[in-house]
Amino acid sequence: MPVTNVTHDIDTRTITIHAEFEAPIGRIWQIYADPRQLEKIWGPPSCPATFVDHNFTPGGRVNYYMTGPEGQRYARWWEITAIDEPNSFAFTDGFSDENLNPVDNMPVSTNAYTFVEEDGRTRATYVSTYETAEALQKVLDMGVIEGASSAINQIDELVRS
């Protein structure tokens, strides 16, 4: 399994996930840069994603929704804040309504994804920081760690195909 460690810290309002992939950094970068590849790994297997907009540039907007087993949709948005291809990218992440409009009363996080290649493998660190401890607790209660971990664990299979 690619995920090697997951921690959360209420005091710093963070979730940190470490993973290691059986692929070079450029291949891992392609997954995040290409919405059709990202759809194959974003969200847990039981809740696949559909990316409607994917402007993967600083200032760009990404809109997507995940579809649950009963057909329910869970929409989200990103605003890309920085890109250092293929080493890292950062974005703000929040919840959306069914029309892909941001929902103000749900948690928002800032995220930094970093990648380091070593011996043809890629080590990744995913850090999400929430505005408040309550916001972090809300997403923890919603199962964010389980969902994110199961999504990340799909990457090795995708790079093998």
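Per-structure values
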quantity	calculated
Segments classed as strands (runs of 3 or more DSSP E), wholly inside segment 1-110, with at least 2 members that are without any contact (Cβ under 8 Å) to a residue 60 or more places away in the chain and not charged (D, E, K, R)	3-9, 49-54, 61-67, 73-84, 88-96
Condition broken by ILE145, with the remaining ones in (1) assigned to a strand (DSSP E or B); (2) surrounded by 14 or more Cβ atoms within 10 Å (Cβ to Cβ) satisfied	(1)
Residues of segment 68-85 that turn out to be open to solvent by less than 40 Å² (accessible area, probe 1.4 Å) and farther than 23 Å from THR132 by Cα, as a count	1
In segment 16-34, residue surrounded by the fewest Cβ atoms within 10 Å (Cβ to Cβ) [restricted to those that are more than 23 Å from VAL139 (Cβ to Cβ) and in contact with a Phe, Trp or Tyr (Cβ under 6 Å, 6 or more places away or on another chain)]	ALA33
Condition check for LEU158: farther than 24 Å from ASN87 by Cα and either at pLDDT 95 or above or open to solvent by less than 30 Å² (accessible area, probe 1.4 Å) (or both)	no
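The values are calculated or read from the model by the stated rules, or taken from the named source; none is laboratory data. As the structure is a computational prediction, the values presented were derived from the model and not from experiment. Ideal geometry is used to build each Cβ from the backbone, glycine not excepted, and the neighbour counts take in all protein chains shown. Keep in mind that these areas ignore ligands, DNA and RNA; they rest on the heavy atoms of the full protein, side chains included. Shrake-Rupley method; radii C 1.70, N 1.55, O 1.52, S 1.80 Å.
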